[in-house]
């Protein structure tokens with residue numbers, strides 16, 4: 001009986017696992033050999049992909065926070081439609097105004113100083129006291145070095161302005177007829193030195209400080 005080689009078929013050699021192991025042991029191709037070079041290449045590839053993924057996530061989160069006005073970027077100028085220009089009334093509003101519940105007042109805070117992140121810091125401090133958060137951003141002030149803060153409201157928001165002003169020592173009032181009831185804008189300058197201590201707050205009715 002003919003003794004046939006089980007590893008040959010139709011005069012062709014069948015490659016089995018032992019043959020592959022021999023090839024792997026003899027070759028110097030890093031794709032086939034579990035060499036340190038091959039390991040380093042795969043490790044570096046994984047690091048690069050992970051870095052790109054984290055970068056995309058960080059950019060996405062930052063873009064969301066900026067669009068949602070949760071953070072401000074000092075190098076990102078405000079658009080014309082977002083610029084707040086306080087228009088001084090000819091006369092300081094006469095009479096006394098009421099101190100309101102903080103939850104009835106929505107505040108937008110704009111940074112007129114060179115200190116990055118100041119608007120967000122002031123907004124956060126006021127929100128912790130119960131005010132409703134609005135926008136944050138940047139706003140140029142011609143006399144920012146002499147300004148602590150300017151509290152801006154419309155004709156129907158002067159009670160709200162008084163309420164906010166009591167939390168910002170040295171702040172002055174300005175009128176802007178575009179603002180509605182319950183909405184106050186705060187422009188923070190270089191003279192800002194923190195908010196009034198809670199224990200020192202004056203909650204009695206009183207006049208607005210215009211100078």
**Request:** Return a yes/no flag: does the stretch 178-185 have any residue that is out of contact with any helix residue (DSSP H, G or I) (no Cβ under 8 Å at 6 or more places or on another chain), surrounded by fewer than 21 Cβ atoms within 10 Å (Cβ to Cβ) and part of a loop (DSSP other than H, G, I, E, B).
**Result:** yes
**Request:** Determine whether the stretch 187-200 contains at least one residue that is without any contact (Cβ under 8 Å) to a residue 40 or more places away in the chain, in contact with a strand residue (DSSP E or B) (Cβ under 6 Å, 6 or more places away or on another chain) and not in a loop (DSSP other than H, G, I, E, B).
**Result:** no
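Just so you know, all these numbers are worked out from the coordinates, no wet-lab data involved. The model shown is predicted, which means the values in this text are computed figures rather than measured ones. No Cβ is skipped: glycine too gets one built from the backbone with ideal geometry, and neighbour counts run over all protein chains shown.
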